[in-house]
1. Residues in the stretch 99-126, backbone N under 20 Å from the label point at residue 158 (7 Å along the Cα-to-beta-carbon vector): list them, ranges by number please.
2. Restricting to the stretch 27-173, what percent of DSSP beta bridges are antiparallel, rounded to 5?
3. Return the FRET efficiency for the residue pair residue 50, residue 103: r is the Cβ-Cβ distance, R0 is 30 Å, and the value is rounded to the nearest 0.05.
4. Please order 156, 162 by the number of other Cβ within 10 Å, starting at the fewest.
5. Fewest first, what order do 85, 153 take by the number of other Cβ atoms within 10 Å?
6. Which values of log₁₀ I(q)/I(0), to two decimal places, follow from the Debye formula for the stretch 93-147 at q = 0.25 Å⁻¹ with a uniform point scatterer at every Cα?
7. Pull out the extension gain between residue 112 and residue 83, defined as 0.36 nm times the separation in residues minus the alpha carbon to alpha carbon distance; nm, one decimal.
8. Compute and list, largest first, the equivalent-ellipsoid semi-axes of the stretch 79-173 from the alpha carbon gyration tensor, each √(5λ) rounded to a whole angstrom.
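All of the numbers you see were taken from the coordinates with simple rules; none came from a lab. This is a predicted model, so every value here is computed, not measured. All Cβ positions, glycine included, derive from the backbone under ideal geometry; neighbour counts span all protein chains shown.
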C-alpha cells in the first residue's frame, strides 16, 4: 500500500510538471523563460518584477527614447536587485536585457526606409543596457537583444502599448 501511494504521488508530480511546462514560463509566440528550479530559475523569478516600461504604460509607438531622468531613476531604484542577480550568475550566464514591441508594423525593415520591430526592440534594450552601464554594472555580465513581438505578455493584447517594454532575464552566453 505504501509503495502504491508513493508511486501515485510521483506519477502525479511528473504529470503536473509536464502539463505545466516543466518550469518554464511560456508566452503566446512559443518562446520561454527558464523559471524552473535551480539558481537560474530563482534568479529569473526574482527578475519578473524588474522590467522597464516608460510611464508604466510602455514605449510610445516607434519610440526608442525616454527622458534620461526617468530611465536613470528606474536603474537606481532597481540597482540592488540587479546587482544581487549579477553576483549570483552561474558561470556561462549573463543578464540579458530584452527589448519588445507590439505586433503592429513589419518585423524587419521592408526596404523602403522604414525600420522594423526588431530594430525598435533592440534600440529599447540598448537604452536600458546603457543606463545600467552608467550605474556601474559590468559589461561582461550584461547583454542586450531585441525580439520584436516574439515574447508577448498576456497582460494585454499583442497590438497594445504595454507590449513595448524591456525585460531582464538570465540566459546562457
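1. 99-110, 116-122
2. On the way: 8 of 13 bridges.
Percent antiparallel among DSSP bridges in the stretch 27-173 is about 60.
3. Numbers: r = 24 Å, r/R0 = 0.80.
Approximately 0.80, to the nearest 0.05.
4. Working: 156 13, 162 17.
Fewest to most other Cβ atoms nearby, the residues stand as 156, 162.
5. Numbers: 85 21, 153 17.
With the fewest neighbours first, 85, 153 line up as 153, 85.
6. So the normalised log intensities work out to -0.87.
7. Values: separation 29, 0.36 × 29 = 10.44 nm, distance 4.20 nm.
Full extension from residue 112 to residue 83 adds 6.2 nm.
8. Details: eigenvalues 140, 41, 26 Å².
Those come to 26, 14, 11 Å.
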